[in-house]
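Here the structure comes first, spelled out in structure tokens, and everything after it is commentary.
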Amino acid sequence: MSIRYSIVGMVLILILSCARPMKNEPMENARQFFKKLEKNGGSWVHFPNDTTVAFDAFIMKFELMEGDTLSGEILGSSKSGDTILFWTVREYHDAKKDSIFFEQKGGYGSASGFSFFPDALKRESHFKMTYSNGATRMHKDTHIFLNDSTLLTKSQIFDDKSQKWIKQPDATWTFNHTIKK
């Protein structure tokens with residue numbers, strides 16, 4: 001009789017420990033990721049080593065707004081010293097879909113999709129990019145914090161012809177406290 005109660009007790013403990021709500025974890029991971037991204041002014045810089053690119057640096061600036069919304073912009077600093085705005089970015093929790101929505105707009109087109117946060121150091125985004133010429137492509141970006149001052153971006157673009165994801169060059173972003181918001 002006591003063995004039966006022990007087994008029932010263990011099963012109940014197992015069920016209750018597995019039944020804890022999981023819905024908050026992705027949002028909490030997103031909050032932690034966003035806080036880390038916008039920490040100390042939220043300015044990150046990437047210096048491309050591709051000499052065919054007309055930019056010395058790409059700059060991301062982020063700010064955490066009310067309601068867990070991340071707002072930002074992506075700029076390019078040209079070799080002639082001009083700074084050009086490429087994209088405005090907004091990421092926020094969509095309560096109706098219980099998802100984290102991602103949108104990006106700029107002179108080169110627009111993008112919309114969803115982000116996933118497996119943990120507080122990693123963000124995966126799947127989105128459809130509509131370019132200014134009307135062409136569309138599916139994209140996947142993964143951002144990974146390597147440490148407090150380094151963020152790695154891995155990107156892929158879906159090729160409709162081959163029906164395969166094509167890896168794009170990685171980008172390493174470093175926290176830059178000298179860039180003013």
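The values are calculated or read from the model by the stated rules, or taken from the named source; none is laboratory data. Keep in mind that this is a model prediction, so the values were computed, not measured. All Cβ positions, glycine included, derive from the backbone under ideal geometry; neighbour counts span all protein chains shown. Calculation scope for accessible area: heavy atoms of the full protein, side chains included, ligands and nucleic acids excluded. Shrake-Rupley method; radii C 1.70, N 1.55, O 1.52, S 1.80 Å.
Taking segment 133-177 as the range and being in a loop (DSSP other than H, G, I, E, B) and open to solvent by less than 90 Å² (accessible area, probe 1.4 Å) as the test, the residues that pass are G134, A135, S149, S162, Q168, D170, N176.
On the given criteria, is L75 touching a residue at least 12 places away in the same chain (Cβ under 8 Å), closer than 21 Å to A171 by Cα, open to solvent by 80 Å² or more (accessible area, probe 1.4 Å) and in contact with a strand residue (DSSP E or B) (Cβ under 8 Å, 6 or more places away or on another chain)? Walk me through it before giving the result.
Numbers: touching a residue at least 12 places away in the same chain (Cβ under 8 Å): yes; closer than 21 Å to A171 by Cα: yes; open to solvent by 80 Å² or more (accessible area, probe 1.4 Å): no; in contact with a strand residue (DSSP E or B) (Cβ under 8 Å, 6 or more places away or on another chain): yes.
Criteria not met by L75.
The single condition among (1) of a type in the set (S, T, Y); (2) under 24 Å from K35 (Cα atoms); (3) over 20 Å from the mean Cα position of the chain (by Cα) that S80 does not satisfy is (2).
Close contacts from segment 89-108, counting a first residue that is among the β-branched types (V, I, T) and a second that is assigned to a strand (DSSP E or B), with Cβ to Cβ under 6 Å and a gap of 6+ residues or different chains, come to V89/G72; V89/Q104; I100/H93; I100/S115. Note on segment 122-132: residues that are open to solvent by 40 Å² or more (accessible area, probe 1.4 Å) and in a strand (DSSP E or B) total 6.
Filtering segment 29-58 to residues that are open to solvent by 40 Å² or more (accessible area, probe 1.4 Å) and free of Cβ contacts under 8 Å to residues at least 12 places away in the same chain leaves F47, N49, T51, T52.
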